[in-house]
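First comes the structure, then the notes that go with it.
Read-outs throughout are calculated quantities, based only on the coordinates presented, and are distinct from any laboratory measurement. Values in this document were obtained by computation on a predicted structure and should not be read as measured data. Cβ sites come from the backbone with ideal geometry, for glycine too, and all protein chains shown count toward neighbours.
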């Protein structure tokens, strides 16, 4: 059986000019012929090299982004927050503060307070009285979210020294004897101060939790910063 050639020869010609003479020189160059196995081996090395580079880049990106993705603790409004995943549809944002020298009040929001501050406008200032009334709207029942969110607001009022007396349609008192909150449907969810310790919660698309939590976040920003 004839042996398979693994090289090939080729002739090259070189021309030199020495004085008035032209000299030609021929040489034989032997080139090795790459076999299919050698080509496949080199391609494999090249492929593994690029895979290694890709894995290295992913590891670097993972290291840089992991604090943003996996960090469940953050500081905001002068408080330490942690994210509680209930393995269901609701994720709570929890924090706590001393409402009295001997009493710690826990906060459980359904939305990231940092995002609430950015996304929900608040126009005015927080000024709470000893008593508060809230005027609801039949269009904002929102599958019971109005009642659940009112409990959250009531607990925060209590921690701030304000008692939510109940529902009232008496309107805003110009002398500001009590805090008054009115819920109304709106094209954009936002909170507006309309008088001394009087506020309108404009609620769009049943974002009633967002509106009330925005009020709470503003209160935290004022009391803890």
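If you take the beta carbon distance between residue 94 and residue 50 as r and set R0 to 30 Å, what does 1/(1 + (r/R0)^6) give as a FRET efficiency, to the nearest 0.05?
It comes to 0.10.
Quick one: what Rg and Dmax do you get for the stretch 78-153 from the alpha carbons, in Å?
Gyration radius and largest Cα-Cα distance of the stretch 78-153: 14.9, 41 Å.
So if each residue of separation counts as 0.36 nm, and I subtract the Cα-Cα distance between residue 137 and residue 83, what length gain in nm does that give?
Gain on stretching residue 137 to residue 83: 16.3 nm.
Just want the ordering: 145, 108, from fewest to most Cβ atoms lying within 10 Å of their own Cβ.
Lowest to highest Cβ neighbour count: 108, 145.
When only alpha-carbon atoms are used, what values of Rg and Dmax, in angstrom, describe the stretch 152-193?
Gyration radius and largest Cα-Cα distance of the stretch 152-193: 11.9, 32 Å.
Which log10 I(q)/I(0) values does the stretch 153-225 give at q = 0.12, 0.16 Å⁻¹ under the Debye formula, counting every alpha carbon as one identical point scatterer?
-0.32, -0.59
Can you give me the Kirkwood hydrodynamic radius for the stretch 46-175, using every pair of distinct Cα atoms, in Å to one decimal?
18.8
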